[in-house]
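Okay, so here's the structure we're looking at.
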Amino acid sequence: MLINKKKPWCQHPRNRRSKRLVSGIVASILTLQGIMALVPSQVYAETADLSLRNWHASSHISVPTIKPSWTMQVDNYLDMYDTYEGHHAIAEEGKVFTFADQQLIAIDARTGKRLWSYGKDLQPYVTYGNGVVYGLSADHMPFALHAKTGKLQWKSGTSTFIDTRLRTEVMIPTSDMLYAINGSVTFAFDRAKGKLRWEANEPLADGHGTAYLEEADGVILRTFMVQGALSSVQLNAYDKKTGKKLWGHFGQGEALTIKNGLVYSIDYYSPQLLDYQSVPDRKVIVNAYNLKSGIQKGSREFTWKLEHEPPYEYGRGGVFLSGGKLYIEQGNQVAEYPFDDYKTGEVPLRALSSPYGEEWILLGVVQDRLMYRDYKTGEMKGVKLANGQPVVLSGDAPISQIDVYDKGMYRAQRNGTLLGINIQTAKPAFRVTTGADLHESTLKTGDMVIIQAEGKLLGIKIPASLR
């Protein structure tokens with residue numbers, strides 16, 4: 001009702017006409033409502049079978065947003081084979097080597113200028129060593145290019161293709177050799193001329209080789225996944241000149257270290273024979289083998305007991321060597337042992353608490369911090385070696401990719417941004433808009449980082465606070 005007792009309608013003719021008009025409209029509306037009440041309703045709003053709401057938005061981190069020094073369109077890694085994941089772009093010598101229109105191209109990392117291009121219909125794989133860029137032709141034949149000029153140095157006449165569904169495919173250049181791994185097969189090429197020197201296969205692996213290869217004192221070490229009643233990793237040694245298999249040990253992982261002619265390797269087989277759920281006793285065994293003969297020369301055992309009551313958790317946590325110290329995850333703590341000066345019955349130098357729970361995987365030591373990764377979300381956190389204090393390295397959106405160089409953690413997020421975070425202070429330093437949901441590894445050369453977004457590269461000059 002349009003009634004105001006304090007200010008009644010005046011009797012001006014225009015106001016009387018307005019009052020009659022309003023009364024007519026109200027009467028018409030009431031009449032129409034009466035008619036509609038007699039007509040059955042024909043439209044119903046559908047209700048959801050399930051409806052959930054999340055009112056908790058992520059907190060936004062306020063940091064300076066910087067613009068890329070350059071942006072370039074390249075072949076989208078999402079359209080490539082999974083086999084070459086993480087190998088389609090590298091940054092070396094102040095350049096970025098990647099693919100555009102299935103050609104291998106070189107880009108100046110500072111300016112984004114395209115320097116040279118090579119080939120056509122190439123496999124999206126590139127690696128670098130000693131001023132030379134290596135790639136694979138369409139028929140999997142390795143080739144070598146001068147990194148500065150793009151000039152072809154050689155192309156092999158040997159294809160590394162292996163007809164197996166699941167395979168690891170990598171190339172590893174050394175001072176005088178280029179090793180190509182394809183599944184359980186190892187190819188050894190002369191680095192200067194591209195001539196195949198030898199080829200070796202581990203038949204027990206049935207095509208399942210890892211990407212690990214290490215060269216030491218004329219011996220090549222590789223690991224394979226061997227299937228059987230008990231499946232495990234196997235460590236093999238080959239003669240560098242001939243490719244002849246020197247020895248192999250089932251259940252042994254890649255070398256922790258090679259020292260004084262001995263290979264130190266974790267025993268992954270023996271723990272499989274234990275009744276983990278009922279027995280609290282745990283141990284890590286590190287065996288030492290003669291590098292050339294494979295004869296066992298010693299063993300080191302690191303033991304502990306789990307707390308609480310059975311059933312106990314199955315398996316074992318992370319084990320790694322860093323700075324002459326062996327770090328072993330033991331339940332809710334990480335024990336630090338001396339490795340170079342080992343004595344039988346060695347007790348830990350100290351134990352650091354693991355504050356993050358079962359979802360967190362111990363990765364290693366970075367910037368004097370034990371680094372952990374949540375296997376569900378991909379988040380990273382740390383623990384300071386100096387005092388055991390937790391370090392939270394948070395962003396403001398779910399993770400797409402994380403890479404750490406020096407003091408900088410480059411956190412690509414699934415909201416189209418990348419945060420640069422100081423890993424020592426845990427404080428964000430800058431933000432870049434990438435416009436991508438998924439990201440590949442962030443690359444670094446000199447004072448530039450290269451962000452790999454979907455179908456494009458972005459060059460960013462590293463702020464002084466992260467160098």
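Could you calculate the FRET efficiency of Lys259 with Asn332 from 1/(1 + (r/R0)^6), where r is the beta carbon distance between them and R0 is 30 Å, rounded to 0.05?
With a Förster radius of 30 Å, E is 0.40.
Given the rule -39500 (n - 2.57) for each run of at least 4 DSSP H residues, summed and divided by the residues of the chain, what is its mean residue ellipticity at 222 nm, to the nearest 500 deg cm²/dmol? Could you put the intermediate results ahead of the total?
Values: 1 runs with 25 residues, N = 467.
Counting only the DSSP helices, I get -2000 deg cm²/dmol.
From the protein chains alone at 1.4 Å, what is the descending order of accessible area for Ser354, Ser156, largest first?
The ordering from most to least exposed comes out as Ser354, Ser156.
Kindly express, to the nearest 10 degrees and within the range 0 to 90, the angle between helix 13-37's C-alpha long axis and the longest C-alpha principal axis of the chain.
60
Hey, if you drop one equal point scatterer on each alpha-carbon of the range 262-350 and run the Debye formula without solvent, what base-10 log of I(q)/I(0) do you get at q = 0.13, 0.26 Å⁻¹?
Log-scaled intensity ratios, in q order: -0.46, -1.42.
Could you work out the equivalent-ellipsoid semi-axes for the range 76-201, taking the square root of 5 times each eigenvalue of the Cα gyration tensor, largest first, in whole Å?
Equivalent ellipsoid semi-axes, largest first: 23, 17, 12 Å.
To the nearest 0.05, how large is the calculated FRET efficiency for Val366 and Thr47 if R₀ is 51 Å and r is the Cβ-Cβ distance?
0.50
P(r) tail for the chain, what percent of Cα pairs lie past 39 Å?
41
Please go through the residue pairs Lys195/Lys292; Lys244/Lys297; Lys155/Lys195; Lys325/Lys376; Lys305/Lys376; Lys95/Lys444 and name each one whose alpha carbons sit more than 20 Å apart in this structure.
Distance filter (> 20 Å) returns Lys195/Lys292; Lys244/Lys297; Lys325/Lys376; Lys305/Lys376.
Before I look further, what does the chain give for accessible area per residue, probe 1.4 Å, in whole square angstrom?
Roughly 54 Å² per residue, with all protein chains present.
Find out how many positive minus negative residues lie around Leu213, taking Lys and Arg as positive, Asp and Glu as negative, among other residues whose Cβ is under 10 Å from that of Leu213. Walk me through the numbers before you get to the answer.
Numbers: positive: Arg222; negative: Glu214, Glu215, Glu254.
Surrounding charge for Leu213 is -2.
Roughly to the nearest percent, how much of the accessible area of the chain is carbon and sulfur, given a 1.4 Å probe? Intermediate results must be reported in sequence, preceding the final value.
On the way: 12850 of 25360 Å².
Ligands and nucleic acids excluded, carbon and sulfur give 51 percent.
Rank these by accessible area, largest first, 1.4 Å probe: Lys305, Lys67, Lys155.
Working: Lys305 135, Lys67 180, Lys155 105 Å².
Largest accessible area first, the list is Lys67, Lys305, Lys155.
Length gain on complete extension for the stretch Glu301 to Leu349, per 0.36 nm per residue less the alpha carbon to alpha carbon distance? Mind showing how you got there, number by number?
Numbers: separation 48, 0.36 × 48 = 17.28 nm, distance 1.51 nm.
Full extension from Glu301 to Leu349 adds 15.8 nm.
Just subtract the alpha-carbon distance of Glu93 and Phe161 from 0.36 nm times their residue separation and send over the number in nm, one decimal.
Working it through step by step, the gained length comes to 21.5 nm.
What full-extension length gain, to one decimal in nm, is calculated for Arg114 and Ala397 as 0.36 nm per residue of separation minus the Cα-Cα distance?
98.6 nm is the gain from fully extending Arg114 to Ala397.
Rounded to whole Å and sorted largest first, list the principal axis extents of the Cα atoms in the range 203-317.
That works out to 54, 33, 20 Å along the principal axes.
Provide the FRET efficiency to the nearest 0.05 for the Tyr375-Lys193 pair, computing r from the beta carbons and using R0 = 35 Å. Present the calculation step by step, with values, prior to reporting the outcome.
On the way: r = 45 Å, r/R0 = 1.28.
Plugging the Cβ-Cβ distance into 1/(1 + (r/R0)^6) gives 0.20.
From the protein chains alone at 1.4 Å, what is the descending order of accessible area for Leu235, Leu349, largest first?
The residues order as Leu349, Leu235, largest area first.
For the pair Thr425/Ser175, report the inter-label distance in nm, with labels modelled 7 Å from Cα in the Cβ direction.
Calculated label separation equals 4.2 nm.
The values are calculated or read from the model by the stated rules, or taken from the named source; none is laboratory data. Note that the coordinates shown come from a computational prediction; the quantities given were computed from them, not determined experimentally. Positions of Cβ are generated from backbone atoms using ideal geometry, with glycine treated the same way; all protein chains shown enter the neighbour counts. Just the protein is used for accessible areas: all its heavy atoms, side chains included, with ligands, DNA and RNA removed. Shrake-Rupley method; radii C 1.70, N 1.55, O 1.52, S 1.80 Å.
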